[in-house]
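See structure below.
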Amino acid sequence: MPELTHQLFKRALIVEDLEEPREWLAELLPKALPAVKQVDTAATLAQARTCMAQHAYGLALMDWGLPDGTSENLIRDMVTARPGAVVIVTTIHDDDLHVFPALRAGATGYILKSQPTAMVMAQLQGIERGEPALSPSVAARILRHFHGQTSGNLSPDSSQTEEVSTPLTEREISVLRLLAKGYKSSEIAGLLTLSQHTVTSYIRDIYRKLGISSRAEATIEATRRGLVA
């Protein structure tokens, strides 16, 4: 890998509002890319901007939906401030309404957090070889989009994406209720006598089923369902 890329990746930023995925990515990133020597983390857009005011990051992993908004403008600002910066969206959504706005904002990769760790690791390692960090379903969606344009189909900007609502299980409802009350995944695990890894899996499934991507959205949905006052 060229020395320029080594310097570009030396300090990385992870923007993720959930504690366990944030810690998981912070631990995984230097293993996948040894050039990364320092990993800073932020749970909100505001925290991320504070970090960006202090450091010029060449690599960032960002969740799309955060408590104080989407990362769309944050992505634009980072790639503008640091030419050549690699910004990868790490989320659970692979639909047109999330993928294409992220790529238009300047993201150079899009990874689904619901994938096995080994797969995420491999996608991150590909960055050193100049490969875009894209989950297979996302890459397939991009190809379908351009094939559709060739056939004269509607683009993602003008088409509507339908979300199929899947009912939550009783256990997922319990996790959602505690999540909305402000409990961390480790605390939820203790209260429900589950492993923290299991709780994180439940949270990912809840987000996927509800079509949300942040704790703030989970709280709104729990309130709407009458799970919390």
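The values are calculated or read from the model by the stated rules, or taken from the named source; none is laboratory data. Everything numeric in this text was worked out from a predicted model, so none of it was measured. A quick note on method: Cβ atoms are made from the backbone with ideal geometry, for glycine too, and the neighbour counts reach across all protein chains shown. Keep in mind that these areas ignore ligands, DNA and RNA; they rest on the heavy atoms of the full protein, side chains included. Shrake-Rupley method; radii C 1.70, N 1.55, O 1.52, S 1.80 Å.
Cross-link candidates for Lys184: which aspartates and glutamates have Cα within less than 14 Å, leaving aside residues fewer than 8 places away along the same chain?
Cross-link targets: Glu16, Asp17, Glu19, Glu20, Glu23.
How much accessible area per residue does the chain have, in Å², with a 1.4 Å probe?
49
Using each residue's phi in the range 205-210, evaluate 6.51 cos²θ - 1.76 cosθ + 1.60 at θ = phi - 60° and report the 3J(HN,Hα) Karplus result to the nearest Hz, with x for Gly and Pro.
Once θ is set to phi - 60°, the couplings for the range 205-210 become 5, 4, 4, 5, 5, 8 Hz.
Considering amide H positions built from the backbone, and no H for Pro or chain starts, which residues 5 or more places from Trp64, or on another chain, come under 5 Å of its amide H?
Sorted by chain and number, the residues that satisfy this are Thr90.
What does the helix-only formula give at 222 nm for the chain: each DSSP H stretch with n ≥ 4 adding -39500 (n - 2.57), the total divided by the residues, and the result rounded to the nearest 500 deg cm²/dmol?
Rounded to the nearest 500, the figure is -15500 deg cm²/dmol.
Let me know the longest stretch in the chain that avoids all GluC sites (Glu not before Pro) found in a DSSP loop with at most 16 other C-beta atoms within 10 Å.
Longest site-free region, per DSSP loop and neighbour criteria: 1-161.
So, taking all protein chains as they sit and a 1.4 Å probe, how much accessible area belongs to Tyr207, in Å² rounded to tens?
Probe radius 1.4 Å; accessible area of Tyr207 about 10 Å².
For a quick check of understanding: with a 1.4 angstrom probe and all protein chains in place, what accessible area in square angstrom does Phe9 have, to the nearest ten?
Rounded to the nearest 10, the figure is 0 Å².
What accessible area, in Å² to the nearest ten, does a 1.4 Å probe give for Ile173?
Surface open to solvent at Ile173 totals about 50 Å².
Would you work out which of Gln196, Val39, Leu25 lies farthest towards the positive end of the dipole of the chain, given +1 charges on the beta-carbon of Lys and Arg and -1 on that of Asp and Glu, about the Cα centre?
Val39
Which residues make up the longest stretch of the chain clear of trypsin sites (Lys or Arg not before Pro) that lie in a DSSP loop with no more than 16 other Cβ atoms within 10 Å, not counting the sites?
Of all site-free stretches, the longest is 38-180.
Quote the charge dipole size of the chain about the Cα centre in Debye, to the nearest 20; the model charges only the Cβ of Lys and Arg (+1) and of Asp and Glu (-1).
220
Round to the nearest 0.05 the FRET efficiency obtained for Ala140 and Ala53 when R0 = 30 Å and r is the Cβ-Cβ distance.
0.20
Ignoring ligands, DNA and RNA, how do Met62, Met119, Met52 rank by accessible area with a 1.4 Å probe, largest first?
The residues order as Met119, Met52, Met62, largest area first.
Based on Cα positions only, what radius of gyration and what Dmax would you give for the chain, in angstroms?
That works out to 17.9, 55 Å for Rg and Dmax.
Could you work out the relative contact order of the range 1-147, using alpha carbon pairs under 8 angstrom and six or more residues apart, expressed as a whole percent?
That works out to 20 percent.
How do Thr166, Thr80 rank by accessible surface area computed with a 1.4 Å probe, from largest to smallest?
Ranking Thr166, Thr80 by accessible area, largest first, yields Thr80, Thr166.
Please list His145, His197 from largest to smallest accessible area, probe radius 1.4 Å, with all protein chains kept in place.
Result of the area sort, largest leading: His197, His145.
Tell me, what % of the accessible area of the chain is carbon and sulfur with a 1.4 angstrom probe?
53
State the answer as a single residue: which of Met52, Leu178, Gly211 lies farthest towards the positive end of the charge dipole of the chain, with beta carbon charges of +1 for Lys and Arg and -1 for Asp and Glu, about the Cα centre.
Looking along the dipole axis, the top candidate is Met52.
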